[in-house]
Amino acid sequence: VQIDRSSGTPLRTQLAQAIRTAIDDGRLSYGVALPSSRALGEDLAVSRGVVVDAYAQLAAEGWLSARPGGTTRVAPPPVAQPGRRGASGGAAAEPRFDFRPGIPDLEAFPRAAWMAAMRQSFADAPAGALSYGDPQGVPALRQALASYLGRVRGVLTDPSLVIICSGLVQGVSLLCRVLRARGLSAVAVEDPGWRRGREVIAHCGLDPVAVPVDEEGLRVDRLAASATGAVMVTPAHQFPTGVALSSARRAALLAWSQKTGGLVIEDDYDAEYRYDHQPLGTLQALCPGRVVYAGSLSKTLAPALRLAWLVVPPGLVDDLVAVKAADDAGSPTLEQLTLARFMESGALDRHRRRSRLRYRAMRDRVVGTLAAHAPEVRPTGIAAGLHLLARLPPEMAEAEIVAAGARRSVGLYGLGFYAASDRPRPGALVIGFGAVPRHASQAALAALGATLAEGAAGARRSTARRHGALAAGPVPAQLPGA
Ligand SMILES: Cc1ncc(COP(=O)(O)O)c(C=O)c1O
């Protein structure tokens, strides 16, 4: 462990980071006992309190397990837990290593900064803040979001056009109900695409019409045939294929909207995490009068907050706020005040910057795992977000790899799960790398690698058998030339 006293970083932070790195790269393996705080403090010439704080931080994050007065050890990777509903509705075991897409690293939630924002905003809130609030959202939060989205995503807006909702699930629901009241009967959706979004559309009495996605994103040429008055797209990082909507398609989509009067719902669910290129601009910035911009805290902080926002053209505000008021009279005020303070203090920017580095490193490790264990599996859609698409060669059947993962308690998700139609498509896995806790990442990646290596080896064997059978072939009735 190297401690740099001149770096300005607190010693406890440096020590915790050094231990995380040692666990991460396998120098400290599961179950290993760490020195007592006194012994390590003496070794490193730091106070015992520094070591106690670092150990406590790592125990809270799940890297270490400690009993009061007992030995501190490297914690085992998470174990299977019952709880999640299975496809049949019964309780299914949680996989030990879950590569579920769309979940951020919940252990990295900035608890201290969030609690500080909560404490400060609550202390400052007048008694009136505890009454019914503005159903459109707390003005301070709408103000903070308007400037944040302008700065970070180039969204053109002002607070009067921002509507706070309880997750994008509610945002989509509000939009669908307003569109339905205005006579729409269908909304075009991406195929493959966000499954829950489709369910919400259908639940609101509209028909989700599947429009295919290819290497350039949504097939806008198919939109006209869908005869819908609105389309929901993920242009910055298509969910789940990860492709970015090409500039030709962006132009075509906006031209479709201008020509038909159709509304574009731009779901920008994870675009704040972009790794290799400059962030892509939003459709909303190109055409704010025809595009609803939709964002959420679910990928940036945590789905449990149920905080999301719509930035809408002026003609939609009143109807949407009326439906929101009828739904729940507004999202919880204290959480909104907390988020406003969290953003104003710069804590959201800091969290985003830190998380981006962590997710990019994890993405690189997943890509490295594929290359090392199953080079025929091709990662795509890796430039942004919390998941990538691992394209399988034809010999590797998606369902078999998912089942092989389940046998090793590795949660893998096939592209088929997100399909909106039964169009034929190549097999692929949607690999989420946000939800894998860092302290378990080494074991999780090893299990992923072993699963894919097993699948690739099986596929190679069956290809060799087929070729062998072809080479041996049926004996011709007459030998050529005979
Ligand atoms: C494509 C997509 N859009 C939006 C969301 C956000 O939904 P919510 O804000 O309701 O958590 C998700 C979450 O899973 C998603 O996958």
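The values are calculated or read from the model by the stated rules, or taken from the named source; none is laboratory data. Not measured: the values here are computed from a predicted model. Neighbour counts run over all protein chains shown; Cβ positions are idealised from the backbone, glycine included.
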Taking the stretch 258-271 as the region of interest, how many residues are in contact (Cβ under 8 Å) with a residue 12 or more places away in the chain and surrounded by fewer than 20 Cβ atoms within 10 Å (Cβ to Cβ)?
3
From D214, D191, grab the single residue that is of a type outside the set (A, V, I, L, M, F, W, C) and away from the ligand (no atom under 16 Å from the Cβ).
D214
Select the helices (runs of 4 or more DSSP H) contained entirely in the stretch 1-118, then report the ones holding at least 3 residues which are at pLDDT below 90 and closer than 30 Å to V430 by Cβ.
11-24
Does S246 count as in contact (Cβ under 8 Å) with a residue 40 or more places away in the chain and not basic (K, R)?
no
Subset of the stretch 169-184, residues out of contact with any Cys (no Cβ under 7 Å at 6 or more places or on another chain), closer than 17 Å to P314 by Cβ and within 16 Å of the ligand (Cβ to nearest atom), comes to L175
Unique residue being free of Cβ contacts under 8 Å to residues at least 60 places away in the same chain and of a type in the set (S, T, Y) when the list is T369, T451
T451
Looking only at residues that are part of a helix (DSSP H, G or I) and in contact with a strand residue (DSSP E or B) (Cβ under 8 Å, 6 or more places away or on another chain) in the stretch 156-168, which one is farthest from the ligand (Cβ to nearest atom)?
L161
